[in-house]
Amino acid sequence: MIKILLLENVDKITLELLPKNKYSIEYIDHALKKEDLMQKIVNVDIIGIRSKTKLTSEVLKNALSLKLIACFCIGTNQVDLEYCKNNNIQVINSPHPSGRSVAELVISQIISLARCIPVHMNNSNNNIWNKTSKNSFEVRGKTLGIIGYGNVGSQLSTLAEAMGMRVVFYDINPVMGLGNSEKCFNMAELLRVSDFVSIHVPETELTIGLIGQKELSLMKKNSYLLNLSRGSVLDLGHLRNAIDSGHIAGCALDVYPNEPKSNNSNWTNIMQGARNTILTPHIGGSTIEAQKKIAIDIVEKIRNIME
Ligand SMILES: NC(=O)c1ccc[n+]([C@@H]2O[C@H](COP(=O)([O-])OP(=O)(O)OC[C@H]3O[C@@H](n4cnc5c(N)ncnc54)[C@H](O)[C@@H]3O)[C@@H](O)[C@H]2O)c1
């Protein structure tokens, strides 16, 4: 029997898809404290985690039978990959199934920003009735600039065109545009022509600080910025200045340089209270559908490796 420890409430379809005659499964719906994890990990062949479980070399040294770490999420930052490489432990993750969920959230935010929904909600919650069409627009006919035309960016492109938006994109790799989308040959060109700019790049040496003061100044006056990729790609101090000065008409952020490690943490951010601004706690990929698709993807990978 292959012993597998599943932590952090991974989608329960995992239990149905792993055959009972081959896998002995322990399922725990939360992350374990370090001491408990170090005990539980001793005899297992596989451990399934999400982002809260930190598999440091200190923890992994106790894993005497471990062959595979299955990250039921996009990233593998929570795992000491160097230790795994040196000790023949494979690490798998599932980077793509949540793409559609992110793209749908971006669409909702584009419309919300164009209609000043954060401002209207703020007024309504503060007993102010302010029915106005000032600064409110349809998105049809507006230009969406997508930076990073991979899994999320390309799905967003299709959804945005279905709403009548013109889509332009910039990617460092030679990717083909879907539908009627048009490629920009540099990022500056995209920033100059877009009414909405949405960032969908991975965190790499090239993308850290990708959008700073200079890039924001290239954006059209009264345009909007959305970042649901990684917190490090955007300079929030300069974004706050650009919103406060009225150059940028609004923004939607789902990712931050300072994301708390656990829920219900106290969290402050320079963008809090900014005008026409939507702040969400890294929920782009957090839908029931995405979690299920991630589990199906991971189980397929586990079975391919172990059987
Ligand atoms: N908010 C969330 O919950 C959530 C969920 C899923 C993904 N993400 C993040 O969204 C981002 C995109 O995810 P994805 O699945 O589409 O990734 P992907 O790898 O499929 O696509 C990324 C694209 O960015 C391009 N790229 C890389 N560096 C670039 C640069 N300097 N300039 C322009 N283009 C560049 C790549 O060539 C690629 O086409 C990632 O950072 C991912 O971590 C966030």
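The values are calculated or read from the model by the stated rules, or taken from the named source; none is laboratory data. On a predicted model such as this, the values are computed, not experimentally measured, just so you know. Cβ placement follows ideal geometry from the backbone for every residue including glycine, while neighbour counts extend to all protein chains displayed.
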Number of the condition not met by Pro118 [criteria: (1) part of a loop (DSSP other than H, G, I, E, B); (2) more than 16 Å from the ligand (Cβ to nearest atom); (3) buried (at least 17 other Cβ atoms within 10 Å of the Cβ)]: (1)
Matching residues, the range 198-229, being at pLDDT 95 or above, charged (D, E, K, R) and in a loop (DSSP other than H, G, I, E, B): Glu205, Lys220, Lys221
Positions within the range 225-272 being under 18 Å from Val197 (Cβ atoms) and among the basic types (Lys, Arg), in sequence order: Arg230, Arg240
The range 207-236, subset closer than 16 Å to Asn276 by Cα and without any contact (Cβ under 8 Å) to a residue 60 or more places away in the chain, residue surrounded by the fewest Cβ atoms within 10 Å (Cβ to Cβ): Lys221
Odd one out for Tyr23, checked against (1) modelled with pLDDT of 95 or more; (2) surrounded by 20 or more Cβ atoms within 10 Å (Cβ to Cβ); (3) within 26 Å of the chain's Cα centre (by Cα): (3)
Yes/no for Leu239 being in a strand (DSSP E or B) and more than 22 Å from His96 (Cβ to Cβ): no
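In the list Glu138, Glu82, which residue meets the criterion of being of a type in the set (Asp, Glu), outside the structural domain of Asp45 (by TED's automatic domain parsing), surrounded by fewer than 21 Cβ atoms within 10 Å (Cβ to Cβ) and modelled with pLDDT of 95 or more? Please lay out each step first, then the result.
Working: Glu82 fails: outside the structural domain of Asp45 (by TED's automatic domain parsing).
None of the others qualify; the one that does is Glu138.
Select, from Asn186, Asn151, Asn180, the only residue that is touching a residue at least 12 places away in the same chain (Cβ under 8 Å) and in contact with a Pro (Cβ under 8 Å, 6 or more places away or on another chain). Give the derivation first.
Numbers: Asn186 fails: in contact with a Pro (Cβ under 8 Å, 6 or more places away or on another chain); Asn180 fails: in contact with a Pro (Cβ under 8 Å, 6 or more places away or on another chain).
Only one candidate qualifies: Asn151.
Would the range 53-74 turn up any residue that is within 16 Å of the ligand (Cβ to nearest atom) and surrounded by fewer than 17 Cβ atoms within 10 Å (Cβ to Cβ)?
Scanning the range 53-74, I find no residue that is within 16 Å of the ligand (Cβ to nearest atom) and surrounded by fewer than 17 Cβ atoms within 10 Å (Cβ to Cβ), so the answer is no.
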Selection status of Ile302, in the same structural domain as Gly48 (by TED's automatic domain parsing), within 18 Å of the chain's Cα centre (by Cα) and over 18 Å from Ile117 (Cβ atoms): no
Test: residue in the range 174-186 that is of a type in the set (A, V, I, L, M), modelled with pLDDT of 95 or more and outside any loop (DSSP other than H, G, I, E, B): no
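Looking at the range 132-157 only, could you name the residues that are assigned to a loop (DSSP other than H, G, I, E, B) and within 15 Å of the ligand (Cβ to nearest atom)? Give the steps one after another, and end with the answer.
Going through the range 132-157, the residues assigned to a loop (DSSP other than H, G, I, E, B) turn out to be 132-142, 148-150.
Passing the criteria: Gly148, Tyr149, Gly150.
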